[in-house]
Amino acid sequence: MKMNDTIAAISTANGSGAISIVRMSGPNSLKIAQNLTKTTFTPRVAKLAKFYNLNDELIDMPLVIYFKNPNSFTGEDIVEFQCHGGVAVSRLVLESLIEAGARLAEAGEFSKRAFLNGKIDLSQAEAIAKLIETKSKESVKLLSKQLRGDLSHFVDDIRDKLLEIMAYVEVNIDYAEEDLPQDLIDQIKDRLKTLSQLLEKSLIASKKREAMFNGYKVAIIGKPNVGKSSLLNNLLDFDRAIVTSIAGTTRDIIEEEITIGSHIIKIVDTAGIRDDTIDEIEKIGISKSRAAAGESDIVIAMFDNSRKFDAEDEAILEIIKNTNKDVLVVLNKIDLETKFDETKFDETKLNEFDIIKTSQKDENYEIEKKLEKILDSYSNTEDNVLISQRQVKAVEDAYNSINEAYELIETAELELFSYNVQEAILAISKITKPYEHDDVLDKMFGSFCVGK
């Protein structure tokens with residue numbers, strides 16, 4: 001990849017539409033654009049122009065916008081051609097740009113140039129990539145905050161505080177003849193503890209919301225014929241699962257994606273949980289059901305109002321009693337004669353949950369509202385949420401190094417303490433930009449008077 005090349009690519013998805021954007025970036029962008037349109041451009045002023053190929057054939061009449069460096073996304077000269085929609089037109093424009101001296105951009109090259117030219121950092125680049133593929137409204141809001149620079153500011157603040165600690169300790173390693181005074185040790189410990197808590201809070205918030213981008217998983221569990229498949233079909237608003245009165249109809253897990261409020265969820269209909277089946281295929285399905293409940297973010301536990309409480313219901317109670325997931329308890333078929341003993345909920349402390357009573361004739365609005373309320377609680381946070389495993393690993397490494405440094409400061413082993421602080425800086429810096437040792441020098445001498 002050569003940074004002095006002029007690159008071009010189609011920036012909109014394939015297919016028919018009102019417009020299709022072709023983008024060009026690099027030192028020769030303006031020259032190529034002027035040659036093919038036979039006109040001149042003023043920065044940031046949209047201009048309708050005739051676009052010709054090198055054979056002087058008219059291709060299109062796009063709206064052209066010129067962004068002069070460094071005031072562009074990549075930090076280079078950029079020209080955007082807003083062509084008439086359709087694959088053929090945009091491809092002809094792109095081919096003409098390449099024939100005139102540009103080359104086809106590699107995957108992610110526009111964003112890479114923006115990073116290398118200091119227009120975005122690594123966390124913002126990752127937010128751009130995620131925004132392109134995300135499906136839910138809540139993840140768009142979170143990614144927009146990261147694109148705005150919220151995570152960058154969080155990282156920079158932690159990095160600066162670590163640099164201050166390291167800079168002072170480095171000076172004492174080189175020049176101090178005595179141990180650090182206790183009041184300074186206490187100050188450093190307080191700072192390290194605060195930083196550790198901030199990173200831990202971010203990790204917890206991120207792990208709670210890691211399913212946000214691909215959809216939270218909701219598992220419906222219950223004994224056979226309790227109404228799980230009917231609930232799935234009702235929520236989907238079409239008959240996805242087969243519904244019969246025969247126990248064990250659902251033998252494998254069925255997973256579908258739906259939207260509730262602003263959230264994407266993957267709702268899973270599981271095989272009815274019972275221990276007396278002799279059908280090997282059904283046994284496999286039941287095993288998968290237990291696993292699905294363990295892997296889900298929310299569990300909907302269904303019970304049948306028209307049947308007596310039995311060992312199969314007891315098995316469901318055991319699963320939800322021992323889970324740390326959010327649970328919705330649903331008592332189904334309330335339009336039929338009541339045979340279910342609700343006092344069993346009291347015995348197992350399930351009375352702490354809101355019991356949703358419904359029937360297969362109902363629209364299940366209450367279940368949807370409860371799900372939306374739980375999902376809203378996941379996204380209502382001011383904490384900095386990490387959006388990739390790379391970011392999570394960086395914060396975990398910084399968190400561990402800070403805690404190790406905290407244990408060492410009392411021992412007066414300043415070299416080892418300094419090493420751990422530097423490891424924390426290196427780790428947290430991976431989220432946005434590489435760490436350079438000159439940063440320590442800047443902190444070390446930045447407080448000196450002018451002329452010193």
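The values are calculated or read from the model by the stated rules, or taken from the named source; none is laboratory data. Everything numeric in this text was worked out from a predicted model, so none of it was measured. Note that we place each Cβ from the backbone using ideal geometry, even for glycine, and neighbour counts take in every protein chain shown. These accessible areas exclude ligands, DNA and RNA; they are computed on the full protein's heavy atoms, side chains included. Shrake-Rupley method; radii C 1.70, N 1.55, O 1.52, S 1.80 Å.
Miscellaneous remarks
- Couplings 3J(HN,Hα) for the range 139-149, derived from phi with the Karplus relation 6.51 cos²θ - 1.76 cosθ + 1.60 (θ = phi - 60°), are 6, 4, 4, 5, 5, 5, 5, 5, 5, 5, x Hz, where x marks Gly and Pro.
- Portion, in percent, of the accessible area of the range 1-108 that falls on carbon or sulfur, probe 1.4 Å: 52 percent
- For Ile260, solvent-accessible area (1.4 Å; no DNA, RNA or ligand), Å²: 10 Å²
- The local environment of Lys325, defined by Cβ-Cβ distances under 11 Å, has a net charge of -2 under the rule Lys, Arg +1 and Asp, Glu -1.
- Of all lysines in the structure, the ones whose alpha carbon falls short of 18 Å from that of Lys321, not counting any fewer than 8 places away in one chain, are Lys223, Lys344, Lys349.
- Taking amide H atoms as placed 1.01 Å from N in the peptide plane, the amide H of Ile260 lies under 5 Å from those of Ile265, each 5 or more residues away in sequence or on another chain.
- For the range 1-137, the per residue solvent-accessible surface stands at 51 Å², with DNA, RNA and ligands left out and a 1.4 Å probe.
- Shape category assigned to the range 45-185 from the gyration tensor of Cα positions, a/c cut at 1.5: prolate
- The GluC sites (Glu not before Pro) of the range 56-89 meeting both criteria, a DSSP state outside H, G, I, E and B (loop) and at most 12 other C-beta atoms within 10 angstrom of the site's C-beta, are Glu57.
- Exposure check, 1.4 Å probe, all protein chains in place: Ile374 carries approximately 30 Å² of accessible surface.
- The accessible area of Ser16, taken with all protein chains in place and a 1.4 Å probe, comes to roughly 120 Å².
- In this simple spin-label model, placing a label point 7 Å from the Cα along the Cα-to-Cβ direction at both Lys369 and Lys137 gives a separation of 1.8 nm.
- Full-extension gain in nm, Thr12 to Asp190, via 0.36 nm per residue minus C-alpha separation: 59.0 nm
- Out-of-range pairs (alpha-carbon distance over 24 Å; input Lys137/Lys430; Lys68/Lys137; Lys208/Lys369; Lys308/Lys357; Lys145/Lys189; Lys2/Lys433): Lys137/Lys430; Lys68/Lys137; Lys145/Lys189
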